[in-house]
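The values are calculated or read from the model by the stated rules, or taken from the named source; none is laboratory data. Given the structure is predicted, the values throughout are model-derived calculations rather than measurements. Here the Cβ is made from the backbone with ideal geometry for all residues, glycine too, and neighbour counts use every protein chain on show. With ligands, DNA and RNA removed, areas are computed over all heavy atoms of the protein, side chains included. Shrake-Rupley method; radii C 1.70, N 1.55, O 1.52, S 1.80 Å.
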Amino acid sequence: MNGLSTVLIIVGLFLLGGVYSFVKQKQSRSIVTVLALASALSLAAGVLRLDLWS
């Protein structure tokens with residue numbers, strides 16, 4: 001596991017925590033949607049960079 005994949009996974013988890021927090025605070029759906037998309041993309045990029053499949 002290299003450094004960039006670790007950073008991407010940590011950022012994705014951080015954004016996922018923000019999604020949870022914003023839902024509990026009843027923030028607008030558009031903010032929650034953008035955060036959820038950013039979290040999913042960051043986590044996916046981190047997992048894909050792990051090179052487990054080669």
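Per residue, what accessible area does the chain have, given a 1.4 Å probe and all protein chains present, in Å²?
74
Name the trypsin sites (Lys or Arg not before Pro) in the chain that are in a loop by DSSP and that have at most 15 other C-beta atoms within 10 Å, would you?
Loop-located and lightly packed - Lys26.
Can you give the angle from 0 to 90° between the axis of helix 29-48 and the longest principal axis of the chain, with both taken from C-alpha atoms, to the nearest 10?
So the helix axis and the longest Cα principal axis differ by about 10 degrees.
Which whole-number percent is the relative contact order of the chain (Cα, under 8 Å, 6+ apart)?
The normalised contact order for the chain reaches 56 percent.
Expressed as an acute angle from 0 to 90° and rounded to the nearest 10, what is the orientation of the C-alpha long axis of helix 3-24 relative to the principal long axis of the chain?
That works out to roughly 20 degrees.
For the chain, which whole-number percentage of the solvent-accessible area (1.4 Å probe, protein heavy atoms only) is attributable to carbon and sulfur atoms?
For the chain, the apolar C and S fraction of the accessible surface comes to 73 percent.
State the three equivalent ellipsoid semi-axes of the chain, derived from the C-alpha gyration tensor as the square roots of 5 times its eigenvalues, in descending order and whole Å.
26, 9, 6
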